[in-house]
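Heads up: the structure comes next, in structure tokens.
The values are calculated or read from the model by the stated rules, or taken from the named source; none is laboratory data. Every value quoted in this text rests on a predicted model; they were computed, and no experiment measured them. Heads up, the Cβs are rebuilt from the backbone with ideal geometry, glycines too, and the neighbour counts pull from every protein chain shown. Accessible surface areas use protein heavy atoms only, side chains included; no ligands, DNA or RNA. Shrake-Rupley method; radii C 1.70, N 1.55, O 1.52, S 1.80 Å.
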Amino acid sequence: MDEGFILFDSRLGWKLNPGWEGKHRHHDFEVQYQVNELGFRGDALEFSGESQKVFFLGDSFTFGLGVDEGETFPDFLNSSAAGAHTDFFNLSVPGYAPDQQLILLDDLLSYRPDTLVWVIYLGNDLLDIRYPFPLQAGYGKPYYVLDGNRLRLENSPVPLKAKTPKYQAMSVSSAILEGFDLYPIWQDLLADSQIGTRINSIIGFDENALQSHIEERLKSDVALFLAMTDRARTMVRGQGGEMAFVLMPGSGYFRENTVPGVYQKSTARALSSELKDRGYRVVNLGPELANLINSEKQLFHPNEGHLTPEGHKAVAGILAGSGLWDQQ
């Protein structure tokens, strides 16, 4: 990444540098990003039009890490028939967890969205809300604690300090598996060698036991997230808008008998059920993208992991017919 993309922010942890332009180079791609004066991707944003306004709130998958300008799914929606009477705004910041997105939302409501579509990344969004440091970034962040039925904000203002060793040692997998032994002792011993690791991948693990562990741990994460959605809905409805949700899978969702696959599918089921029970419109992208992956379309960058332009087009196509922003 060219320098200067991200700035420290004591309220949110970090933000995008307004007016920044630069390249992002990876084995899988070389792309250009542009940050507008409000600190979001793309050209200057115009909120005063007569069209319906749909805001997408998300992380790097919605921002479009790994694709050029004009190749994100909000861009494709704007250039499609879905954009004839609707303007789609990409208000996403790479790395943001739902707690940061909720705080950011307070800044966005003065632009009066008709529909706020909250895009939840199934890979780690509900893991990151537990911690003062995200699992896959080095910056600190604010986070909420559920105190009875009330949300209490912690680590705010965010101190400018390095990630502590405790959190440096954590990963998405360790956070998912915390308190769970994936393999019996003899398989753990095999993992010390390359051949043993390959044997373990063939033998596999007790998927049902892992799913039960994940479902139990998800209860507190989902309860905390739902408290955030309750607050967000009150805020959005106060400005005359409504909320909807998109559940965004990572590439691990589609790998059978893996820790990420079991976790993401379990999270999708739990969130979809709870959000629909609260009357929200929800699109779980996983099953529909799975059909496209089976047709050998390259929807994710094979090494870096984010959506390809083809992946963003597929997401735009699914959402265009979803009815998420139809007047309720």
Given the conditions (1) under 22 Å from Phe205 (Cβ atoms); (2) crowded, with 20+ Cβ neighbours inside 10 Å; (3) of a type in the set (A, V, I, L, M, F, W, C), report the number of the one that Leu285 does not fulfil.
(1)
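Could you please let me know if Glu21 is closer than 30 Å to Ala81 by Cα, free of Cβ contacts under 8 Å to residues at least 40 places away in the same chain and touching a Leu at 6+ places or on another chain (Cβ under 9 Å)?
Values: closer than 30 Å to Ala81 by Cα: yes; free of Cβ contacts under 8 Å to residues at least 40 places away in the same chain: yes; touching a Leu at 6+ places or on another chain (Cβ under 9 Å): no.
The answer is no for Glu21.
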Which numbered condition Asn78 fails, given (1) touching a residue at least 40 places away in the same chain (Cβ under 8 Å); (2) open to solvent by 10 Å² or more (accessible area, probe 1.4 Å)
(1)
If you check Gln101 against the conditions, is it at pLDDT 95 or above and polar (S, T, N, Q)?
yes
Scanning for something small (Gly, Ala, Ser) and either open to solvent by less than 50 Å² (accessible area, probe 1.4 Å) or modelled with pLDDT of 95 or more (or both), does segment 292-304 turn up at least one residue?
no
Selection from segment 181-221 of residues that are assigned to a helix (DSSP H, G or I), of a type in the set (S, T, N, Q) and either exposed (fewer than 15 other Cβ atoms within 10 Å of the Cβ) or modelled with pLDDT under 65 (or both)
Gln187, Gln194, Thr197, Asn200, Ser201, Asn208, Ser212, Ser220
Kindly indicate the residue of segment 255-282 that is in a helix (DSSP H, G or I), within 20 Å of Val117 (Cα to Cα) and hydroxyl-bearing (Ser, Thr, Tyr) and also most open to solvent (accessible area, probe 1.4 Å) among those meeting that condition.
Ser273
Which residue pairs have Cβ atoms under 6 Å apart, sit 6 or more places apart or on different chains, and have a first residue in segment 161-174 that is without any contact (Cβ under 8 Å) to a residue 40 or more places away in the chain and within 9 Å of Leu135 (Cα to Cα) and a second that is among the charged types (D, E, K, R) and assigned to a loop (DSSP other than H, G, I, E, B)?
none
